[in-house]
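**Q** The structure's right below; bear with me while I get my questions together.
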Amino acid sequence: HPIYVDDLIAGLHLAATSDQAPGRVFVLSGKEYFTTNEMVSTIAEELGAKTRGLRAPLLPLLVIATIAAKTLGAVGIQPPIHPRMMDFFRKSFVFVPGEAVKSLGYSPRVKTEEAIKLMIEGTRKRLG
């Protein structure tokens with residue numbers, strides 16, 4: 001669940017300066033939820049690239065990750081792939097900033113599509 005850096009800083013500032021914040025935990029998230037496929041498509045579109053239709057089946061990768069974690073981990077080697085890494089593809093996480101909105105007045109302003117555009121533009125400017 002992406003959050004644009006300006007929204008994150010605004011939320012952190014609210015938490016740091018609010019008398020409602022001490023001792024509490026707040027979820028700061030972006031304006032809307034994007035699936036992994038939506039995120040990839042949006043980034044590709046903004047870059048003017050096409051997404052590939054190639055997809056690897058998750059189950060074989062999960063089996064390989066489990067074997068790598070058990071065998072390499074047993075001899076003290078960090079495996080290059082781990083079953084927990086597959087959670088990115090297997091699970092969807094949605095974060096709701098309800099308490100931050102209610103207690104701090106947090107309100108994310110930058111939509112995910114706009115955030116992607118701004119990040120790509122900023123990166124292009126830095127890289128020349």
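**Q** Hey, among ALA65, ALA56, which residue is of a type in the set (A, V, I, L, M, F, W, C), over 25 Å from MET119 (Cβ atoms), at pLDDT below 85 and out of contact with any Leu (no Cβ under 7 Å at 6 or more places or on another chain)?
**A** Unique residue meeting the criteria: ALA56.
**Q** Among the residues of the range 11-23, which ones are part of a loop (DSSP other than H, G, I, E, B) and touching a helix residue (DSSP H, G or I) at 6+ places or on another chain (Cβ under 7 Å)?
**A** SER18, GLN20, ALA21 - these are the residues of the range 11-23 that are part of a loop (DSSP other than H, G, I, E, B) and touching a helix residue (DSSP H, G or I) at 6+ places or on another chain (Cβ under 7 Å).
**Q** Select from the range 79-126 the residues that are outside any helix (DSSP H, G or I), among the β-branched types (Val, Ile, Thr) and at pLDDT 90 or above and list them in ascending order. Write out each step before concluding.
**A** We begin by selecting, within the range 79-126, every residue outside any helix (DSSP H, G or I); these are 79-82, 91-97, 105-111.
Next, only the ones that are among the β-branched types (Val, Ile, Thr) stay: 81, 94, 96, 110.
Once the filter is applied, which keeps residues that are outside any helix (DSSP H, G or I), among the β-branched types (Val, Ile, Thr) and at pLDDT 90 or above, the range 79-126 yields only VAL110.
**Q** Taking the range 11-37, which residues are under 12 Å from PHE95 (Cβ atoms), of a type outside the set (Val, Ile, Thr) and in contact with a Gly (Cβ under 8 Å, 6 or more places away or on another chain)?
**A** Passing the criteria: PHE26, LEU28.
**Q** Could you list, in sequence order, all residues of the range 24-36 that are at pLDDT below 90 and either over 17 Å from the mean Cα position of the chain (by Cα) or assigned to a helix (DSSP H, G or I) (or both)?
**A** THR36
**Q** If you don't mind, another one. Would you check if there is a residue in the range 37-53 being within 18 Å of the chain's Cα centre (by Cα), closer than 30 Å to ALA15 by Cα and not in a helix (DSSP H, G or I)?
**A** no
**Q** Would you mind stating whether THR51 is hydroxyl-bearing (Ser, Thr, Tyr) and within 18 Å of PHE93 (Cβ to Cβ)?
**A** Against the criterion (hydroxyl-bearing (Ser, Thr, Tyr) and within 18 Å of PHE93 (Cβ to Cβ)), THR51 does not qualify.
**Q** PRO60 is checked against (1) surrounded by 10 or more Cβ atoms within 10 Å (Cβ to Cβ); (2) part of a helix (DSSP H, G or I) and fails just one. What number does that condition carry?
**A** PRO60 satisfies every listed condition except (1).
**Q** Under 9 Å between Cβ atoms, which residue pairs at least 6 apart in sequence (or on different chains) link something in the range 49-70 that is closer than 15 Å to THR36 by Cα with a partner that is open to solvent by 100 Å² or more (accessible area, probe 1.4 Å)?
**A** THR51/GLU45; LEU58/PHE89; LEU58/ARG90
**Q** Can you list residue pairs whose Cβ atoms sit under 7 Å apart, with the first residue in the range 12-37 being small (Gly, Ala, Ser) and the second being surrounded by 13 or more Cβ atoms within 10 Å (Cβ to Cβ) and not in a loop (DSSP other than H, G, I, E, B)? Count only pairs 6 or more apart in sequence or on different chains.
**A** What qualifies is ALA15/LEU104; SER18/LEU104; ALA21/ALA15; ALA21/LEU104; GLY30/ASP7; GLY30/THR112; GLY30/ALA115.
**Q** Still on this structure, I have one more. If VAL96 meets every condition in (1) aliphatic (A, V, I, L, M); (2) touching a Phe, Trp or Tyr at 6+ places or on another chain (Cβ under 7 Å); (3) closer than 19 Å to GLU32 by Cβ apart from one, which number is that one?
**A** Here VAL96 meets the rest and fails (2).
**Q** For the range 82-89, state whether one or more residues are surrounded by 11 or more Cβ atoms within 10 Å (Cβ to Cβ) and closer than 17 Å to SER29 by Cα.
**A** Within the range 82-89, none of the residues are surrounded by 11 or more Cβ atoms within 10 Å (Cβ to Cβ) and closer than 17 Å to SER29 by Cα.
The values are calculated or read from the model by the stated rules, or taken from the named source; none is laboratory data. Predicted, not measured: the structure shown is a model, and the values here were computed from it. In this analysis, Cβ positions are derived from the backbone assuming ideal geometry, glycine residues included, and neighbour counts consider all displayed protein chains. The accessibility values were calculated without ligands, DNA or RNA, using every heavy atom of the protein model including side chains. Shrake-Rupley method; radii C 1.70, N 1.55, O 1.52, S 1.80 Å.
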